[in-house]
Amino acid sequence: MVENEAQKLTNEQPAEPEVEAFSFGDPETVLNDRIIDGLGVWLLDNGRYYSTPVSLTGLAKLLKANAYHGPILEFKTNMVMRGFQGNSVVKRRDMKKATTDYNVFANCYFKVYRSVYGEIVRLQHLPAINMRRCKGQDCYGMLNNTGQLIEFKPGEVIHIANYDVTQTIYGIPGYLGAIQSMLLNEDATLFRRKYYKNGAHIGYIFYSTATGLDEKTRAKMKAAIEKSKGLGNFKNMFLHIGGADKDAIQIKPVGDFSTKDDLEKIKNISRDDIIAANRMPPALAAIMPGQNTSFGDLEKVDAVYQRNEVTPIREDLLEVNDYLPLAARVSFDTPSNTAV
């Protein structure tokens, strides 16, 4: 009977080796749509007001997406406001808020207050992120916290906007072409931060052909690898398989993000796109020059920037003088170092 059992086992076909694979990490979605493809202006709320060509809330969120875009626009606002001469009609704090809106959204708004005689006695800043152009001529409204539109009287709002070639309702900022670079810069930073925070440093495939790996052993190995992530990572793992040859366990490297310069390249390239889109000289963008290089004479750089970027923005903002009486007009003092 023993011989019969032995003969039976000999005649059986060898069992097919079981293949088991599992992935490390969750799947990530890839956004293929371009943000600027959806640009357009339509009447909303039963035809009461025009939608903005691009999400103003999205533009506001971009200010915190990376270490360059928001600070550059804040710096540009400070440069524009340097030497501002206000008065009781147009106060400095209102003009600074309007300048910030103009740099971020390419739109800024003032509410007009008039005396009983019809003279303008005060211009108050209105937040551009909530302002909308209404259907009527020279009519504007402001969205409140509940999304309801509060309409102003015709002529009660002064709107200063950058010109857009696709429509004449709202202004469009010039940095839209760098939105993908702004988000890429943020994604690269978040990827590296998550890489170190969760300890997912497994850039390899754990490959095994050992016959001694039963289901229980495989479960223990899988648990040991998963526990190597998180705090206390880079743990060592002991593995013993009796009777297996030296090639039964192999580690197949796939890629190691920590040993490459991908992060630095991505950060530098996206940074250059951001400062170029904002037309900010690298010397004034608070970045370090490369090795064996310098940014030259900062006084000259500042003077050129004042003449080519700051002065045109000031000229746009000074359109408020078209509505103000002569005694209430505002101006900007020109710094003495603008001559090059």
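Annotations
Each row is one residue, and each column tells you yes or no for (1) closer than 17 Å to V41 by Cα; (2) out of contact with any helix residue (DSSP H, G or I) (no Cβ under 8 Å at 6 or more places or on another chain).
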{"position": "E119", "(1), (2)": "no, yes"}
{"position": "H125", "(1), (2)": "no, no"}
{"position": "A128", "(1), (2)": "yes, no"}
{"position": "M131", "(1), (2)": "yes, yes"}
{"position": "T146", "(1), (2)": "no, yes"}
{"position": "G155", "(1), (2)": "no, yes"}
{"position": "N162", "(1), (2)": "yes, no"}
{"position": "P173", "(1), (2)": "yes, no"}
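- Where T211 falls short, out of the listed (1) among the hydroxyl-bearing types (S, T, Y); (2) crowded, with 17+ Cβ neighbours inside 10 Å; (3) at pLDDT below 95; (4) part of a loop (DSSP other than H, G, I, E, B): (2)
- Residues that are among the β-branched types (V, I, T), under 13 Å from the mean Cα position of the chain (by Cα) and at pLDDT 90 or above within region 30-71 comprise just one, T57.
- Pairs where the first residue, in region 84-110, is under 22 Å from L326 (Cα atoms) and free of Cβ contacts under 8 Å to residues at least 60 places away in the same chain and the second is surrounded by fewer than 17 Cβ atoms within 10 Å (Cβ to Cβ) and polar (S, T, N, Q), C-beta under 7 Å, 6+ apart: D94/Q124
- Subset of region 67-85 [surrounded by fewer than 17 Cβ atoms within 10 Å (Cβ to Cβ) and either in contact with a helix residue (DSSP H, G or I) (Cβ under 7 Å, 6 or more places away or on another chain) or of a type in the set (A, V, I, L, M, F, W, C) (or both)]: A67, F75
- Candidate set from region 130-143 (those that are touching a Gly at 6+ places or on another chain (Cβ under 7 Å) and in contact (Cβ under 8 Å) with a residue 40 or more places away in the chain); member that is surrounded by the most Cβ atoms within 10 Å (Cβ to Cβ): R132
- Where a residue in region 144-168 is loosely packed, with under 13 Cβ neighbours inside 10 Å and its partner, wherever it lies, is hydrophobic (A, V, I, L, M, F, W, C), with Cβ under 7 Å and at least six apart: N144/I150; I150/M142; P154/C139; T166/L39
- Positions within region 133-169 being over 25 Å from the mean Cα position of the chain (by Cα), of a type in the set (D, E) and on the phi < 0 side of the Ramachandran plot, in sequence order: E151, E156
The values are calculated or read from the model by the stated rules, or taken from the named source; none is laboratory data. Only a predicted model underlies this, so the values are computations on that prediction, with no experimental measurement involved. Virtual Cβ from ideal backbone geometry, glycine too; neighbours counted across all protein chains shown.
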